[in-house]
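Heads up, the thing below is written out as structure tokens.
Nothing in this text is a laboratory measurement; each read-out follows from the coordinates by a stated rule. The model shown is predicted, which means the values in this text are computed figures rather than measured ones. Quick reminder, even Gly has a Cβ in these numbers, built from the backbone with ideal geometry, and neighbours come from all protein chains shown.
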Amino acid sequence: MLITIAIVGSLMPPQQMEQLTFSLSDKLIHGLYYATLTFFWLLSTKTNTSQKYIQVGLSVFFFGLALEIMQDVLPIQREMDILDVFANTVGISIAIATARFLEIR
């Protein structure tokens, strides 16, 4: 479900996105969304190894990168923003750090 929301939200025309995002910063939304996506993806995996964090983190990162590239390539009046990719990466990192911290406790 979260992946579907990311795809639809990333590929919507900008006019429709402005109505849904209220007055929150676009970068804040990216960071929070990718933190949530990563955290729940980590929770859904059964293995409990360091490799899990790397695999999930890279999977979510490349998923977000692919969506940003599609924004640039598809005729949807949106452009790729490297700062969105950075905000996604910050969100992914926060989720991984939080999951690791909670695992230790």
* Structure fact -> Only unsatisfied item for Asp72, checking (1) in a helix (DSSP H, G or I); (2) within 18 Å of Gly9 (Cα to Cα); (3) more than 14 Å from the chain's Cα centre (by Cα); (4) touching a residue at least 12 places away in the same chain (Cβ under 8 Å), is (4)
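Criterion first (over 23 Å from Ser10 (Cα atoms), surrounded by fewer than 16 Cβ atoms within 10 Å (Cβ to Cβ) and free of Cβ contacts under 8 Å to residues at least 40 places away in the same chain) does Thr45 satisfy it? Quick ask: steps written out before the conclusion?
Numbers: over 23 Å from Ser10 (Cα atoms): yes; surrounded by fewer than 16 Cβ atoms within 10 Å (Cβ to Cβ): yes; free of Cβ contacts under 8 Å to residues at least 40 places away in the same chain: yes.
Yes; evaluated as a whole, the condition is true for this residue.
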* To do: Scan region 75-101 for residues that are in a helix (DSSP H, G or I), over 14 Å from the mean Cα position of the chain (by Cα) and over 15 Å from Thr36 (Cα atoms) and report the count.
  => 1
